[in-house]
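Taking it in order: structure first as structure tokens, then the write-up.
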Amino acid sequence: MDVEHGLFTELRRVYGSLTSRLIEKLKTPPRRLYVRVITSRITRSDVLKLLELEGVKAHADPYYEEAIYMEIEGPFNVECESEKYIVVDEKTAVSLLLGSDLYRPGVVKSMSFRRGERLWATTRRGTRIACIEAVVSSSAMSALKHGLVGVNIASPYRAPRISSTRVYSDGLIYPQSLPSMATVIALSPKPGDLVVDMNAAPGGKTSHIVQVTRGLARLISIDRSERKAGLIRELLRRLQLDYNVVVVPGDSRYIHLDLNLEGRVDRVLIDPPCSNLGVRPILDYERSLKDVLNLAEYQKQFLKSAYFILKPGGVLVYSTCTLTMRENEENVRYAIEELGYSPVELPNPLPYSEVVKYKGVVGYRFSPFTEDMPGYFIAILTK
Ligand code: SAH
């Protein structure tokens, strides 16, 4: 991962002389892989027991009652006696880095290879990730749409494969970063509240809202397309949390014009697209400062429309999985100075976060330097 100069300068505003170390950290996965337990359906201790029966050692998080985590092992030195490579997409590269096997849909292109041959799996930019032993030949692979292409022989990290456990397929757990869980804890929705999730797909936080309110809040979950709305509905069904949620495909920048919600909403969550600089591990980073500036402008529009629909005294939570001031502190400052929101400071900071104070803004930052978390930012505002 290389960071463009403008973006480096932007990150230096937050991390100063630690910026180069930060970028090194961003290339690595966090030490813990977190999972949310659907505590409205099963207790956390039962999930820990069931996972143990399947050979997965997980631990209860001491601060968040729905969170469990598994340790990621590594880094290991990866060797592969091969000059050949197979190129995989970004998401697949991350799972190979953590020890998963390679399946057909993740393959972008490859050299020709025989069954049983070893290959380097690389990103599109040629970053070497893991050593794969092919279980099919390249010509057999091109005829496939699905299925196993190669087994992972050596990877820099190893993480338990949660998605092959029974508790996962039964919809009793949901893999989710700890700061994402903290976002809904910060929103603190109550039974009876009218809640709007303005950027809801695939539904991680929406399903958490249903979970903590036991389905007794009225929730409107919006995302930009019918396909994205479908993802939310599917997740709610899978986790059996489909209570009192209206899923709306649409552009939530215009929600105040499209839905009759003006001044009626108790709590709003804005979790907009961002530059993703906190999402570890980052293998190849393509964005520049210009992209960050565009994203920041886009994010402001949600803050604006949310103001119209919130009740006086209503609560807004703004969260991003990134670390730039433009998308975090400065957007919240805009919300306070230009739109009229007031900052809310929690009596105790969110566990694992550090309190950020900047020109009237109060926020909570999760950082690779604090308990090896992903980078993430949460601010709580009121109207
Ligand atoms: N809150 C989600 C993750 C959200 S990612 C979760 O916890 O699972 C950001 C989302 O914002 C994406 O799904 C993207 O489609 C959505 N988005 C982008 N522009 C939007 C718009 N104008 N209106 C509504 N949603 C939008």
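In the chain, what percentage of the DSSP-assigned beta bridges are antiparallel, given to the nearest 5?
Close to 65 percent.
Can you give the FRET efficiency for E354 and T9, using 1/(1 + (r/R0)^6), R0 = 22 Å, r = Cβ-Cβ distance, to the nearest 0.05?
Given R0 = 22 Å and the Cβ-Cβ separation, E is 0.50.
Pulled fully out, how much extra length does the chain show between E73 and F369, if you take 0.36 nm times their separation in residues and subtract their Cα-Cα distance?
104.7 nm
Which log10 I(q)/I(0) values does the stretch 1-132 give at q = 0.20, 0.21, 0.22 Å⁻¹ under the Debye formula, counting every alpha carbon as one identical point scatterer?
Calculated log10 I(q)/I(0) at the listed q: -1.10, -1.13, -1.17.
Where in the stretch 94-133 is the amide nitrogen less than 14 Å from a point lying 7 Å along the Cα-to-Cβ axis of D291?
124-125
Give the calculated FRET efficiency between V151 and E52 to the nearest 0.05, with a Förster radius of 30 Å applied to their Cβ-Cβ distance.
Calculated value: 0.75.
Can you give me the relative contact order of the stretch 85-154 as a percent, contacts being Cα pairs under 8 Å and 6 or more apart?
Once divided by the residue count of the stretch 85-154, the mean separation gives 38 percent.
Need one number: nm distance between label points at K109 and S342, each 7 Å from Cα along Cα→Cβ, rounded to one decimal.
The modelled label-to-label distance comes out at 5.9 nm.
Please report, in debye to the nearest 20, how large the charge dipole of the chain is about its Cα centre when each Lys and Arg carries +1 at its beta carbon and each Asp and Glu carries -1 there.
400
Grab the beta carbon distance between R125 and R238, set R0 = 45 Å, and tell me the FRET efficiency rounded to 0.05.
After rounding, the FRET efficiency stands at 0.85.
Compute the Rg/Rh shape ratio of the stretch 176-382: radius of gyration over Kirkwood radius, all on alpha-carbon atoms.
When Rh is taken as the Kirkwood radius, the ratio is 0.94.
Considering the stretch 109-214, what Rg and Dmax in Å follow from its alpha-carbon atoms?
20.5, 61
Once ligands and nucleic acids are excluded and a 1.4 Å probe is used, how much of R36 is accessible, expressed in Å² to the nearest 10?
Surface open to solvent at R36 totals about 0 Å².
How much accessible surface does R264 have with a 1.4 Å probe, in Å² rounded to 10?
For R264, solvent-accessible area is about 110 Å².
Shape verdict for the stretch 295-383, please, from the Cα gyration tensor: rounded (a/c under 1.5), prolate (a/b greater than b/c) or oblate.
Note, shape of the stretch 295-383 comes out prolate.
Positive end of the dipole of the chain, charges at C-beta (+1 Lys, Arg; -1 Asp, Glu), about the Cα centre: which of T19, G55, G313 has its Cα farthest in that direction?
With unit charges placed on the Cβ atoms, the residue in question is G55.
Testing the spin-label approximation: label points 7 Å from Cα along Cα→Cβ at S137 and T382. State their distance in nm.
Between S137 and T382, the label points sit 7.0 nm apart.
Could you work out [θ]222 nm for the chain from helices alone, using -39500 (n - 2.57) per DSSP H run of at least four and dividing by all its residues? Round to the nearest 500 deg cm²/dmol.
After summing the helix terms and dividing by residue count, I get -8000 deg cm²/dmol.
Please state the relative contact order of the chain as a whole percent: Cα pairs under 8 Å, 6+ residues apart?
16
Quick one: dipole size for the stretch 176-382, taken about the Cα centre, charges +1 on Lys/Arg Cβ and -1 on Asp/Glu Cβ, in debye to the nearest 20.
380
For the chain, give me every cysteine whose Cβ has no other Cys Cβ within less than 4.7 Å, ordered by residue number.
So, C274, C321.
Need one number: nm distance between label points at Q301 and R41, each 7 Å from Cα along Cα→Cβ, rounded to one decimal.
Placing both labels 7 Å beyond Cα along the Cβ direction yields 3.5 nm.
With Cβ to Cβ distances under 9 Å as the rule, what net charge do the other residues near M198 carry (K, R +1; D, E -1)?
In short, -2.
Where does each of R227, R365, R158 land when they are ordered by accessible area, with a 1.4 Å probe and the largest first?
R227, R158, R365
Which one, I173, S137, G150, projects farthest toward the positive side of the charge dipole computed for the stretch 112-191 from Cβ point charges (K/R +1, D/E -1)?
The one lying farthest along the dipole's positive direction is S137.
Classify the chain as rounded, prolate or oblate, taking a ≥ b ≥ c as the square roots of the eigenvalues of its Cα gyration tensor: rounded when a/c is under 1.5, otherwise prolate if a/b is larger than b/c and oblate if not.
Prolate, since a/c reaches 1.5 and a/b exceeds b/c.
Kindly report the accessible area of the stretch 176-382 per residue (heavy atoms of protein chains, probe 1.4 Å, no ligands, DNA or RNA), in Å².
With all protein chains present, the stretch 176-382 gives 38 Å² per residue.
Return the ratio Rg/(2.2 N^0.38 Å) for the stretch 85-154, where Rg is computed over Cα atoms only.
In units of the 2.2 N^0.38 Å rule of thumb, it is 0.93.
What size of dipole, in debye to the nearest 20, comes out for the stretch 42-197 about its Cα centre when the only charges are +1 on Lys and Arg C-beta atoms and -1 on Asp and Glu C-beta atoms?
The calculation lands at about 720 debye.
The values are calculated or read from the model by the stated rules, or taken from the named source; none is laboratory data. Small disclaimer: the values here were computed from a predicted structure and weren't measured. For neighbour counting, all protein chains shown are included, and Cβ atoms are generated from backbone atoms with ideal geometry for every residue, glycine included. The area values use the complete protein model at the heavy-atom level, side chains included, leaving out ligands, DNA and RNA. Shrake-Rupley method; radii C 1.70, N 1.55, O 1.52, S 1.80 Å.
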